[in-house]
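Quick notes on the structure that follows.
The values are calculated or read from the model by the stated rules, or taken from the named source; none is laboratory data. On a predicted model such as this, the values are computed, not experimentally measured, just so you know. Cβ placement follows ideal geometry from the backbone for every residue including glycine, while neighbour counts extend to all protein chains displayed.
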Amino acid sequence: MKSVRDLDVFNKRVLVRVDYNLPMDENQNIADDNRIKATLPLIEYLKDQKARIILISHMGRPKGMRVPELSLGPAALRLSQLTNQKIDFIDDCVGKNVEDRVDKLRNGEILLLENLRFHEQEKSNDSEFAKKLAILCDVYVNDAFAVSHRDQASVTGITAFAPVSAAGFLLEKELKSYYDSVDNGEKPLVAIIGGAKVSGKLEALQNMLKFVDKFIIGGAMANTFLKSQGTDTKGSLIEDDLVETAAKIVKQAKEKGVEFLLPVDLIVAEKFKKDTPVKEVDLNNIPDNWIALDIGPKTCDIYTKAIADAGTIVWNGPMGVFEMDKFINGTQRVADAVASSKAFSIIGGGDTGLAVKKCNVAQKVSYISTGGGAFLYLMEGKQLPAVKALQ
Ligand code: AMP
């Protein structure tokens, strides 16, 4: 895979695929601009090199239609504040008008194109559409780690037509952070896995079993594992079809000498509601029909100790329903333990990134990935389609 660093970009039209799929609040203001900030090192570098910079991104799921709420206009505005520079913005991403505008770009200027997914051909990886994007550039750079697990025109298709394709700084940094952690990180390597479902993380668990020293399991996925070990989880969220698989994973971990920590107590609730009655219970005391929504305090103590001696930590998935205050304690305690550990800690984006910010420890973890799905893809041991295309 070429790096943009190895290319001469002076005076070149450099088309950069970024991920400005930003969370917006109810007033259509940007709720979190981290994804823009994460691309600034590359943008500043290209400016210094006097490249002509064209940025492309998707936003949300407009399904091939023009949806005004999903315009990248606000991203252009925020980028101009962050760079102290005027950002040109045009209301499409392909076609004659766009080509004319690109032709007028001068060295060091930045043009952001409108949401790629206003065209259905972006998601279907249509090669004519990929060609139309490619003719806008001399050099294509992928700096959008968070969509690198997608086979889409601006991510993979375009590399067949762009004169030169290379990886950007963020893509490189994301891959390096992950692979350095799992391949060359200090031991013991501790994987903290939580979140909603075993099914979503099954492949990741199975792959990581090959090299992890210790698993710490929380969230609703812990319920399925607990059930596989004989706990009556009552009304808790369970994936019945995966109970047997969960038992197999626990058995394999034992055979390999991998520690596999499951909750020993739980915070249970009568209903999935923020003002529901709540109890702290041991595994055999869950009231009928009640549901487990967080790990309990004894479990937090065990998990905190298990994290303290880690050499490297990979964390994906909250320990409970952290969105509700009554069920954030498990995630908070684990986040505090990760923050005070000396280990290199890498956190998969999406919900876990949000949880870590809510727990006020974001500054104390070594790296928070900008990708959720793409990060999980790496945990599954797969090569990202974007990387394959760049190679
Ligand atoms: P994931 O995207 O798989 O990491 O799942 C994150 C989601 O899992 C969050 O929205 C949490 O609220 C949810 N979650 C965590 N623990 C539980 C639980 N015990 N029961 C139901 N949902 C949970």
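Here are a few things to note about the model shown:
- Restricting region 370-382 to residues that are out of contact with any Leu (no Cβ under 9 Å at 6 or more places or on another chain) and under 17 Å from A38 (Cα atoms), the residue that is farthest from the ligand (Cβ to nearest atom): F375
- Close contacts from region 270-289, counting a first residue that is in the same structural domain as K326 (by TED's automatic domain parsing) and free of Cβ contacts under 8 Å to residues at least 12 places away in the same chain and a second that is part of a loop (DSSP other than H, G, I, E, B) and within 14 Å of the ligand (Cβ to nearest atom), with Cβ to Cβ under 7 Å and a gap of 6+ residues or different chains, come to P277/E270.
- Yes/no for I328 being assigned by TED's automatic domain parsing to the domain that holds F375 and under 19 Å from S177 (Cα atoms): no
- Single unsatisfied condition, P385 versus (1) more than 16 Å from the ligand (Cβ to nearest atom); (2) more than 18 Å from the chain's Cα centre (by Cα): (2)
- Every residue from region 331-354 that is within 22 Å of L202 (Cα to Cα) and either of a type in the set (D, E) or at pLDDT 95 or above (or both): T331, V334, S345, I346, I347, D351
- L205 vs. criteria part of a helix (DSSP H, G or I), touching a strand residue (DSSP E or B) at 6+ places or on another chain (Cβ under 9 Å) and more than 16 Å from the ligand (Cβ to nearest atom): no
- Selected residue (only one of A130, A146, A166, A191 is at negative phi, part of a helix (DSSP H, G or I) and touching a Lys or Arg at 6+ places or on another chain (Cβ under 8 Å)): A146
- Filtered by the rule that a residue be of a type in the set (S, T, Y) and at pLDDT 95 or above, region 190-240 gives T224, S228, T231, T233, S236.
- Counted as qualifying within region 272-354 are the strands (runs of 3 or more DSSP E) with 1 or more residues that are under 24 Å from A374 (Cα atoms) and within 12 Å of the ligand (Cβ to nearest atom), namely 312-316, 344-347.
- The single condition among (1) in a helix (DSSP H, G or I); (2) within 16 Å of the ligand (Cβ to nearest atom); (3) closer than 26 Å to D183 by Cβ that F215 does not meet is (1).
- Residue in region 221-243 that is touching a Gly at 6+ places or on another chain (Cβ under 9 Å), outside any loop (DSSP other than H, G, I, E, B) and surrounded by 18 or more Cβ atoms within 10 Å (Cβ to Cβ) present: yes
- Flag not set for I135, criterion: under 22 Å from the mean Cα position of the chain (by Cα) and in contact (Cβ under 8 Å) with a residue 24 or more places away in the chain.
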